[in-house]
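> So that we are looking at the same thing, I have put the structure below in structure tokens.
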Amino acid sequence: MNPKVTVNNSTSSDIFIASDPNWDDQILTIDGVKQNTPFKLTSSGIVVVSVTYDIGTQKSSVRGTDDRYEMGIIFSASKDFDTDPDGYQLVIGKNGAGKLDVTDGGPEEATPSFNYRISDQNPESMLMTFISAIN
């Protein structure tokens, strides 16, 4: 079973969701639809993010057998994360308690324009809510 992250955009701006290019064998899906380009999640939008792998298995070559590395996802304020790195490059997998969580990665600049909260965690799913940053 592939993990699923419900993403809730509670900011007043769009957030773009993209597959981490370092995880080149994963295929990002949003609400079950394969994504080849960054997906725009509008303010107040909610989607379910997951991945599959093009190598015909349930495991990424990046992940191997380590459950801490289930998927690599970028959440950004811009469609072009390389030129405007306002956001997060994150690894999602199982934490020490066996629940889905952010297990690696972080913001690409010191003060992203939005933050996130994790809740409703279990071994195969979690809720990730994005909120506007307080500056």
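The values are calculated or read from the model by the stated rules, or taken from the named source; none is laboratory data. Values in this document were obtained by computation on a predicted structure and should not be read as measured data. Cβ sites come from the backbone with ideal geometry, for glycine too, and all protein chains shown count toward neighbours. Ligands, DNA and RNA are stripped out before the accessible areas are found, and what is left, the full protein with its side chains, is counted by its heavy atoms. Shrake-Rupley method; radii C 1.70, N 1.55, O 1.52, S 1.80 Å.
> Please state which one of 105, 87 is modelled with pLDDT of 90 or more, open to solvent by 30 Å² or more (accessible area, probe 1.4 Å), touching a strand residue (DSSP E or B) at 6+ places or on another chain (Cβ under 9 Å) and over 17 Å from residue 4 (Cα atoms).
Values: 87 fails: open to solvent by 30 Å² or more (accessible area, probe 1.4 Å).
Among 105, 87, only 105 is modelled with pLDDT of 90 or more, open to solvent by 30 Å² or more (accessible area, probe 1.4 Å), touching a strand residue (DSSP E or B) at 6+ places or on another chain (Cβ under 9 Å) and over 17 Å from residue 4 (Cα atoms).
> What residue, among those in the range 20-31 that are of a type outside the set (A, V, I, L, M, F, W, C) and assigned to a strand (DSSP E or B), is nearest to the chain's Cα centre (by Cα)? Talk me through it step by step, then tell me what you get.
Here is the first cut: in the range 20-31, the ones of a type outside the set (A, V, I, L, M, F, W, C) are 20-22, 24-26, 29, 31.
Checking the rest, the ones that are also assigned to a strand (DSSP E or B) come to 26, 29.
Details: 26: 12, 29: 11 Å.
The extreme case among them is 29.
> So which residues in the range 32-54 are more than 13 Å from residue 73 (Cβ to Cβ) and either assigned to a strand (DSSP E or B) or open to solvent by 80 Å² or more (accessible area, probe 1.4 Å) (or both), if there are any at all?
Taking the range 32-54 and keeping what is more than 13 Å from residue 73 (Cβ to Cβ), we get 32-34, 36-37, 40, 42-46, 52-54.
Result: 33, 34, 36, 37, 40, 44, 46, 52, 53, 54.
> Considering the range 62-116 alone, what residues qualify as being part of a strand (DSSP E or B) and of a type in the set (Gly, Ala, Ser)? Lay out the reasoning, then the answer.
First, the residues of the range 62-116 that are part of a strand (DSSP E or B): 71-76, 87-94, 100-107, 114-116.
Residues satisfying the conditions are 72, 76, 87, 93, 105, 106.
> Scan the range 15-31 residue by residue and report those that are under 13 Å from residue 105 (Cβ atoms), open to solvent by less than 40 Å² (accessible area, probe 1.4 Å) and at pLDDT below 90.
23
> Another question, if that's okay. Given 131, 118, which one is touching a strand residue (DSSP E or B) at 6+ places or on another chain (Cβ under 9 Å), aliphatic (A, V, I, L, M), farther than 24 Å from residue 52 by Cα and surrounded by fewer than 18 Cβ atoms within 10 Å (Cβ to Cβ)?
Working: 118 fails: farther than 24 Å from residue 52 by Cα.
Exactly one residue qualifies, and that residue is 131.
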